[in-house]
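Taken together, the values in this text are just the output of simple stated rules run on the coordinates, not laboratory data. Just so it is clear, the structure is predicted and the values come from calculations on it, not from any experiment. For neighbour counting, all protein chains shown are included, and Cβ atoms are generated from backbone atoms with ideal geometry for every residue, glycine included.
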Amino acid sequence: MPNSTGQVERIHFLGAITIPIDSYHSSVMSWGAEIDVTDEVRELSVDRNGNSWLDLLGDDEAQVRRYGEVFFRPGPWPANLPRLRPGSDAWKDAREAARQAAHRLSYEPDRKVALAEVEREFGPALATNQTLATIRGDGE
């Protein structure tokens, strides 16, 4: 069980995980979310077996063993990581809005600079097609 310290510690989330926020409610934390871990959060994190997801804080290997990936880390959200998860619907919407805003610029040099900024911030456009099935013999 995490120690009650009376101190508040900020953590950030790298994946979607549900955590209890009070005695009756839970909240889904997702990419880019942050919470302050208070004594109440520590207490609510303990399950009926005395285990807490906070026991895995700062132990990426243990999180991968338990969840298959790293979901949370100590500290605030890293300044060098985007708040939107690359490839998510929100990320796609933000990229498209930035791209459309760039295309609305009438002066071509400004438009080129704005489009380059979209690519710098969001990376190259994602593929617009996807192979859903492969039939034996295709491509032979």
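Annotation for segment 1-102: trypsin sites (Lys or Arg not before Pro) lying in DSSP loop with at most 16 further Cβ atoms inside 10 Å of their Cβ are Arg48, Arg83. Normalised radius of gyration (Cα atoms, divided by 2.2 N^0.38 Å) for segment 1-66: 1.06. For the chain, the 222 nm mean residue ellipticity estimated from helices alone, with every DSSP H stretch of n ≥ 4 adding -39500 (n - 2.57) and the total spread over all residues, rounds to -9500 deg cm²/dmol. Loop-located trypsin sites (Lys or Arg not before Pro) across segment 101-140 with a Cβ neighbour count of 15 or fewer within 10 Å are Arg104, Arg136, with loop assigned by DSSP. Modelled label positions at Glu119 and Tyr107, each set 7 Å beyond Cα in the direction of Cβ, lie 2.1 nm from each other.
Express the relative contact order of segment 4-99 as a whole percentage, based on alpha carbon pairs under 8 Å and six or more residues apart in sequence. Write out the running numbers ahead of the final one.
Numbers: 135 pairs, mean separation 29.6, N = 96.
Once normalised by length, the contact order is 31 percent.
Using only Cα atoms, find the angle between the long axis of helix 108-122 and the longest principal axis of the chain, and express it within 0 to 90 degrees, rounded to the nearest 10. Roughly 30 degrees, rounded to the nearest 10.
Our coupling estimate for segment 40-50, obtained by passing each phi through the Karplus curve with A = 6.51, B = -1.76, C = 1.60 and θ = phi - 60°, is 5, 4, 4, 5, 6, 6, 7, 8, 5, 9, x Hz, Gly and Pro reported as x. Once the mean of 1/r is taken over each pair of separate Cα atoms and inverted, the chain shows a Kirkwood hydrodynamic radius of 18.5 Å.
Of all GluC sites (Glu not before Pro) in segment 1-84, which ones are in loop regions per DSSP and have a Cβ with at most 13 other Cβ atoms within 10 Å?
Listed in order of number, the matching sites are Glu69.
Residues whose amide H falls under 5 Å from that of Ile21, counting only those 5 or more places apart or on a different chain, are Ser26, Ser27, with hydrogens built in the peptide plane. Computed from backbone phi, the HN-Hα couplings of segment 6-20 come to x, 9, 9, 10, 8, 10, 10, 10, 10, x, 7, 8, 8, 10, x Hz, rounded to whole numbers (Karplus: 6.51 cos²θ - 1.76 cosθ + 1.60, θ = phi - 60°; Gly and Pro given as x). Electrostatic bookkeeping for Trp31 treats Lys and Arg as +1 and Asp and Glu as -1; over the other residues with beta carbon under 9 Å from its beta carbon, the sum is +2. Consider a paramagnetic label point 7 Å from the Cα of Asp39 along Cα→Cβ; state which residues of segment 8-26 have an amide N under 14 Å from it. Answer for this model: 8-9.
Using the Karplus relation 6.51 cos²θ - 1.76 cosθ + 1.60 with θ = phi - 60°, the per-residue 3J(HN,Hα) values for segment 75-83 come to x, x, 4, x, 4, 8, 9, x, 6 Hz, with x marking Gly and Pro. When exposed loop sites are taken as chymotrypsin sites (Phe, Trp or Tyr not before Pro) in a DSSP loop with at most 14 other Cβ atoms within 10 Å, the longest stretch of the chain clear of them is 25-106.
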